[in-house]
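What follows is a short report on a single structure.
The values are calculated or read from the model by the stated rules, or taken from the named source; none is laboratory data. Predicted model only: the values in this text are computed from it and were never measured. Ideal geometry is used to build each Cβ from the backbone, glycine not excepted, and the neighbour counts take in all protein chains shown.
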Amino acid sequence: MTGASDELVLAVDCGTQSVRALIVDLKGNIVAKRQRALDAYTATQEGWLEHDAEAFWTASAAVCRGVFNERPDLKPRVKGMAVTTQRGSLTLVDQSGKPLRPFIIWLDQRRAHRSPSIPAWWRLAFIAARVSGTVDHLVKEAELNWIAEHEPERASRAPTRRSWCRAGSTTG
C-alpha cells in the first residue's frame, strides 16, 4: 500500500493553443508532463471562433498516454484526476457522446438575438434585485442560446448537457 506522500494527481489542461497532461504530487510539484499543440481555431465568419471538438479529445488522450508511456511507474500511484478547460467554450454532444458541431471557443463574439423565456417568478426576482438588464445581457451571450436560435436541429439532437472532456473520459 502506498502512503499519502506517494500519491499523485493527473491534471489535464485543455487550453486554446494546446493540451497538457501533468502528473503532480500532493505538494504541487510537477513529476511528469506532456504537451501537444492544437491546430489553429477557425473563423468561418468575422467574430466567430471555433475549434474541432475531436481534436481536444485526441490530444487529451495522446498526452495522457504519452506521459504514462514515458513514466509507466507513475500510473499506479495516480489516485485522482483534474480537468481544466477553457471558460465559456461549448460544443453539443449526441446520446453517444459524439460532438455535433465544433467548439465555440471563449473568444467567439456571436450573440443570440432573442432571450429564451424565463419563468415569471424569476423575472420578478431579477427586477426586484435590479439585475434584469444584466441577466438579459448574459442570457444573450450564452453560446447555447445562440445554437438554439441558429442551429435548432443540432440543439434538438443533444439530449444532455455535460462536459465534453468528462463525456470522453468516461465513455471512450
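Tell me, which residue of segment 14-34 that is crowded, with 17+ Cβ neighbours inside 10 Å and of a type in the set (Gly, Ala, Ser) is farthest from ARG101 (Cα to Cα)?
Checking each candidate, the answer is ALA32.
What is the residue count in segment 40-51 for residues that are crowded, with 17+ Cβ neighbours inside 10 Å and among the charged types (D, E, K, R)?
1
Taking the stated definitions as given, is ARG110 of a type in the set (Lys, Arg) and closer than 20 Å to THR16 by Cβ?
Details: of a type in the set (Lys, Arg): yes; closer than 20 Å to THR16 by Cβ: yes.
It is true that ARG110 is of a type in the set (Lys, Arg) and closer than 20 Å to THR16 by Cβ.
Which pairs turn up if I take residues in segment 21-32 that are over 15 Å from VAL63 (Cα atoms) and touching a residue at least 24 places away in the same chain (Cβ under 8 Å) and look for partners that are in a strand (DSSP E or B) and of a type in the set (Asp, Glu) with beta carbon separation below 9 Å, at least 6 apart in sequence or on another chain?
No pair meets every condition.
I'd like the full set of residues that are touching a Leu at 6+ places or on another chain (Cβ under 6 Å) and within 20 Å of TRP106 (Cβ to Cβ), limited to segment 22-54.
Answer for segment 22-54, where residues must be touching a Leu at 6+ places or on another chain (Cβ under 6 Å) and within 20 Å of TRP106 (Cβ to Cβ): TYR41, ALA43, LEU49.
Within 30 Å of LEU144 (Cα to Cα) and either in a helix (DSSP H, G or I) or more than 19 Å from the chain's Cα centre (by Cα) (or both) - does that describe any residue in segment 3-10?
no
Any idea which residue in segment 129-139 is nearest to the chain's Cα centre (by Cα), counting only those that are in contact (Cβ under 8 Å) with a residue 12 or more places away in the chain and surrounded by fewer than 17 Cβ atoms within 10 Å (Cβ to Cβ)?
So the residue we want is VAL139.
Checking the conditions here, which among PRO76, PRO152, PRO119 is surrounded by fewer than 14 Cβ atoms within 10 Å (Cβ to Cβ), modelled with pLDDT of 80 or more and closer than 23 Å to ALA61 by Cα?
The conditions single out PRO76.
Which members of segment 11-40 meet the condition of being outside any strand (DSSP E or B) and among the acidic types (Asp, Glu)?
Matches in segment 11-40: ASP39 only.
Of all residues in segment 155-172, which are hydroxyl-bearing (Ser, Thr, Tyr) and at pLDDT below 65?
THR160, SER163, SER169, THR170, THR171, listed by residue number.
Condition first: among the acidic types (Asp, Glu) and surrounded by 15 or more Cβ atoms within 10 Å (Cβ to Cβ). Now tell me which residues in segment 85-116 satisfy that.
ASP108 - this is the single residue of segment 85-116 that is among the acidic types (Asp, Glu) and surrounded by 15 or more Cβ atoms within 10 Å (Cβ to Cβ).
From ALA37, ALA82, ALA62, ALA11, grab the single residue that is touching a residue at least 12 places away in the same chain (Cβ under 8 Å) and buried (at least 17 other Cβ atoms within 10 Å of the Cβ).
Selected residue: ALA11, the only one of ALA37, ALA82, ALA62, ALA11 that is touching a residue at least 12 places away in the same chain (Cβ under 8 Å) and buried (at least 17 other Cβ atoms within 10 Å of the Cβ).
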